[in-house]
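Here the structure is laid out as C-alpha cells; the discussion comes afterwards.
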Amino acid sequence: MEKRKRNVQIIVRVTEEERALIEEKMKQIPTMNLSAYSRKMLIDGYIILLDLPEIKVHTVQLQKIGVNVNQIAKRINEAGRISADDMDEVKRLMEEVWRLERRLLLQFKGLVK
C-alpha cells in the first residue's frame, strides 16, 4: 500500500436519512468530496461559504486599476521621470481605490446587524 499523508481511517455509520441530509448540506458548499467535507466538519464544526458578488466586482475593478498603475510605472521607468499627467492619473486611481473601499465597507456594514 502506498504511503498516504492521511493514514488513519475513521468510520462513521449513518442512516439513509442522515446520509441524504449530509449530501444536501454538501451541495450547499458545493462539494462532492465527502472526505474533505467530513474532515472540515469534524475539525472545525462548521463551514461558512460567503458568495458575495460585491467582492467579485470589487476585485475586478481593483485589477483594472492595477493594470493602469503598471502601465504608468512602465512609462516612468522608460522615461526616468514622472510626468504631471501620470502623477494626476495615479492620484485619480488612488481616489478610486479608496472610493471602492468605502463602498465595500458600507455594503458589509449593511450585512452586520
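The values are calculated or read from the model by the stated rules, or taken from the named source; none is laboratory data. Quick caveat: nothing in here was measured; it's all calculated off a predicted structure. Heads up, the Cβs are rebuilt from the backbone with ideal geometry, glycines too, and the neighbour counts pull from every protein chain shown.
Here are a few things to note about the model shown:
- Residue in the stretch 38-92 that is surrounded by the most Cβ atoms within 10 Å (Cβ to Cβ), counting only those that are within 30 Å of Val12 (Cβ to Cβ) and of a type in the set (Val, Ile, Thr): Ile47
Results for (1) in contact with a strand residue (DSSP E or B) (Cβ under 6 Å, 6 or more places away or on another chain); (2) in a helix (DSSP H, G or I); (3) in contact (Cβ under 8 Å) with a residue 60 or more places away in the chain; (4) aromatic (Phe, Trp, Tyr), shown as yes or no for each residue.
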| residue | (1), (2), (3), (4) |
| --- | --- |
| Glu54 | no, yes, no, no |
| Gln63 | no, yes, no, no |
| Gly66 | no, yes, no, no |
| Arg81 | no, no, no, no |
| Asp86 | no, yes, no, no |
| Arg92 | no, yes, no, no |
| Glu96 | no, yes, no, no |
| Arg103 | no, yes, no, no |
| Phe108 | no, yes, no, yes |
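- Candidates Lys5, Lys25, filtered to the one that is assigned to a helix (DSSP H, G or I), more than 29 Å from Lys109 (Cβ to Cβ), outside the structural domain of Leu105 (by TED's automatic domain parsing) and of a type in the set (D, E, K, R): Lys25
- Scope the stretch 8-19; condition surrounded by 10 or more Cβ atoms within 10 Å (Cβ to Cβ) and either outside any helix (DSSP H, G or I) or under 29 Å from the mean Cα position of the chain (by Cα) (or both); matching residues: Val14
- On the stretch given as the stretch 20-56, residues that are of a type in the set (A, V, I, L, M, F, W, C) and modelled with pLDDT of 85 or more total 10.
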